[in-house]
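The structure appears right after this line, and notes come after that.
The values are calculated or read from the model by the stated rules, or taken from the named source; none is laboratory data. Computed from a predicted structure; not experimentally measured. Positions of Cβ are backbone-derived with ideal geometry, glycine not excepted, and every protein chain shown enters the neighbour counts.
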Amino acid sequence: MQKGFGGVWGNAPYIYNHEKLILMGRVAAGKTTLTQALRGEQLHYCKTQYINYHNTIIDTPGEYTEVAKLGAALALYAYEADVVGLVIGADEPFCVFPPCCTCLVNRPVIGIISGIDREGANIEQAERWLKLCGCERIFPCSSYTGEGLEAIIAHLREPDDAPDALPI
Ligand SMILES: Nc1nc2c(ncn2[C@@H]2O[C@H](COP(=O)(O)OP(=O)(O)O)[C@@H](O)[C@H]2O)c(=O)[nH]1
Ligand SMILES: [Mg+2]
């Protein structure tokens with residue numbers, strides 16, 4: 001990805017050069033909040049009405065995952081990303097992704113379990129579902145507490161990035 005300077009995180013300028021991550025998952029899985037948390041923004045609820053294309057993260061509306069005909073948009077945008085992230089909320093009652101779906105894209109696919117701080121979180125179940133999808137790397141996290149976010153950021157950092165480079 002293009003290297004450059006941008007924004008502030010903790011009031012310090014930073015260099016970005018991360019792999020681009022596209023987030024997919026059902027409505028309310030926590031994709032937009034995760035996007036805000038990874039980018040160091042203040043968390044605020046915002047219904048995703050269209051694809052939000054940032055330097056490092058592509059946030060998609062949950063309807064694109066839930067409605068088969070809209071899934072074509074995800075297929076196209078996946079090819080603009082370096083990594084595909086399947087997001088499952090830790091308290092989701094069922095898995096929206098079909099088994100073995102990771103083989104449908106020629107990009108590495110990671111699993112993200114969001115909202116692990118939520119009451120009723122069942123991390124083991126979400127992990128089983130993501131493994132069934134074909135995800136080998138799975139990142140449990142909470143956008144509220146910040147737990148697990150650094151592991152995702154580290155996964156996206158490219159070899160010549162500064163060790164403290166943050167996504168924007
Ligand atoms: N407790 C908790 N709630 C979260 C977390 N992430 C998102 N939420 C809440 O879940 C709801 C849906 O989140 P959102 O990011 O809009 O989901 P999206 O539809 O996948 O983009 C919002 O009310 C968020 O505040 C989290 O890590 N922990
Ligand atoms: Mg959203």
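At a glance:
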{"item": "Members of the stretch 48-91 that are under 12 Å from the mean Cα position of the chain (by Cα), among the aliphatic types (A, V, I, L, M) and closer than 13 Å to Lys31 by Cβ", "result": "Ile57, Ile58, Val84, Leu86, Val87, Ile88"}
{"item": "The one condition in (1) out of contact with any strand residue (DSSP E or B) (no Cβ under 9 Å at 6 or more places or on another chain); (2) surrounded by fewer than 17 Cβ atoms within 10 Å (Cβ to Cβ) that Arg157 fails to fulfil", "result": "(2)"}
{"item": "Condition met for Ala75 (away from ligand 1 (no atom under 15 Å from the Cβ) and either at pLDDT below 95 or farther than 21 Å from Ile51 by Cβ (or both))", "result": "yes"}
{"item": "Residue satisfying condition, being closer than 16 Å to Leu38 by Cβ, at pLDDT below 95 and outside any loop (DSSP other than H, G, I, E, B), within set Ala165, Ala154", "result": "Ala154"}
{"item": "Subset of the stretch 12-28 [more than 19 Å from Ala151 (Cα to Cα) and at pLDDT 50 or above]", "result": "Gly25, Arg26, Val27, Ala28"}
{"item": "Scan of the stretch 40-71 for residues that are surrounded by fewer than 17 Cβ atoms within 10 Å (Cβ to Cβ) and of a type in the set (D, E, K, R), ordered by number", "result": "Glu41, Lys47, Glu63, Glu66, Lys69"}
{"item": "Those residues of the stretch 25-48 which are of a type in the set (A, V, I, L, M), more than 6 Å from ligand 1 (Cβ to nearest atom) and part of a loop (DSSP other than H, G, I, E, B), in sequence order", "result": "Leu43"}
{"item": "Residues located in the stretch 107-155, provided they are of a type in the set (Phe, Trp, Tyr) and under 12 Å from Ile88 (Cβ atoms)", "result": "Trp129, Phe139"}
